[in-house]
Amino acid sequence: MREHRRVNITADDFPGARGYLDTATLGLPCPATLAELQRTLSDWQAGTAKPTVYDDHVRRSREAFARMAGVPAECVAAAGQVSSLVALIAASLPTGARVLAPEGEFTSVIFPFLARGDLRVTLAPLASLADAVTANTALVAFSAVQSADGSVADRATIGAAAAAAGARTLVDVTQAASWQPIAAQDADYVVCGTYKWLLSPRGTAFLAGSLERLEELPALHAGWYAGDDPWTSIYGAPLRLAADARRLDLSPAWICWAGTAPALEFVERLGVAQIGAHDVALAARVRAAADLPENGSAIVSLPLDDAACERLRSAGARFSLRDGRARLAFHLYSDDADVDLVLTALGLE
């Protein structure tokens, strides 16, 4: 049995976890997710699948995310990808509005604004993003944790600068959710893809915010599932959208949501504080051994040459290369043995 220092799980929960340091690309499924997906596929194969059961998966997922985000479920919209939700925010801005974002930001956060063609998108270093906010800034869009290198944004300072300038804030928590508080109440809009740190199938995502802010967004993708009662909104006029955040929902990829509900509930039971302490402590061991400054992230970005990367892979580590560096992501199924593997392979022990 693998030893876990702070998170109470066992090797049987994640049998493929040894050396898996790539959660920043794709999280591993928890047992409850695998079991639910098996049941869902069996029902589909047998011809006994019921859409109302799928609806329950979406409801449970929305409610679990809302609890973790600290907002009512009525303030959470569900979709398939983060970029489609960011596009709603981009569509709500007036022509010529200035959008500020970090240099090197993940493109799903900035492409929807650039694609508009009539917005002024300005980029600044993450560390000085708050200083780049001006009286002309309409929106500050950034990731709570940067995908490329795991840098952690100073959400409080950026948020305060935006509020002082009368600007909105959009925070993508895809690389932070589960090991950092989502804290949706501290931003105007929060978006999240669930297939990384929230251990869900790819194809589910959320947008959270106050009802006041969400009401500012156009329901550009409105379909039957955005209806006040989806199953009576499948034919004909008039328009009858939900009164809350569900008006922004996209029709769900049902099987993906079947796996998302148990994953979010699993993470919720373990607790963000416990997971965060575990993840960051493991990453900190690698940073200390590599003589890198501590930054409070669960992601470690190492400047490794090809030979060092090959040694790491040969030792059994699975990781990604991002922005010319090795990106190692430590999550709840990681332990000290995984850190030891890295340090030994790189000669840092």
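The values are calculated or read from the model by the stated rules, or taken from the named source; none is laboratory data. Predicted, not measured: the structure shown is a model, and the values here were computed from it. Counting neighbours? That spans all protein chains shown, and the Cβs are built from the backbone with ideal geometry, glycine included.
Here is a yes/no grid of residues against (1) over 18 Å from residue 87 (Cα atoms); (2) not in a loop (DSSP other than H, G, I, E, B):
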{"residue": "157", "(1), (2)": "yes, yes"}
{"residue": "161", "(1), (2)": "yes, yes"}
{"residue": "185", "(1), (2)": "yes, yes"}
{"residue": "197", "(1), (2)": "yes, no"}
{"residue": "206", "(1), (2)": "no, yes"}
{"residue": "216", "(1), (2)": "no, no"}
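Which members of segment 322-349 meet the condition of being among the hydroxyl-bearing types (Ser, Thr, Tyr) and in a loop (DSSP other than H, G, I, E, B)? Reasoning before the result, please.
So the first thing to find is which residues in segment 322-349 are among the hydroxyl-bearing types (Ser, Thr, Tyr), and the list is 333-334, 344.
Correct list: 333, 334.
Test residue 310 against the criterion of being of a type in the set (Asp, Glu) and under 16 Å from residue 21 (Cβ atoms), and give yes or no.
Values: of a type in the set (Asp, Glu): yes; under 16 Å from residue 21 (Cβ atoms): yes.
It is true that residue 310 is of a type in the set (Asp, Glu) and under 16 Å from residue 21 (Cβ atoms).
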In segment 177-190, is there at least one residue being crowded, with 22+ Cβ neighbours inside 10 Å, under 30 Å from residue 38 (Cβ atoms) and out of contact with any helix residue (DSSP H, G or I) (no Cβ under 6 Å at 6 or more places or on another chain)? yes
Of all residues being surrounded by fewer than 20 Cβ atoms within 10 Å (Cβ to Cβ) and among the small types (Gly, Ala, Ser) in segment 106-126, which is nearest to residue 206 (Cα to Cα)? Just the residue, please. 115
Out of all the residues in segment 71-105, which are touching a Phe, Trp or Tyr at 6+ places or on another chain (Cβ under 9 Å), assigned to a loop (DSSP other than H, G, I, E, B) and either within 30 Å of residue 324 (Cβ to Cβ) or not assigned by TED's automatic domain parsing to the domain that holds residue 123 (or both)? 105
Whether any residue in segment 84-106 is aromatic (Phe, Trp, Tyr), within 30 Å of residue 33 (Cα to Cα) and modelled with pLDDT of 95 or more is what I want to check. yes
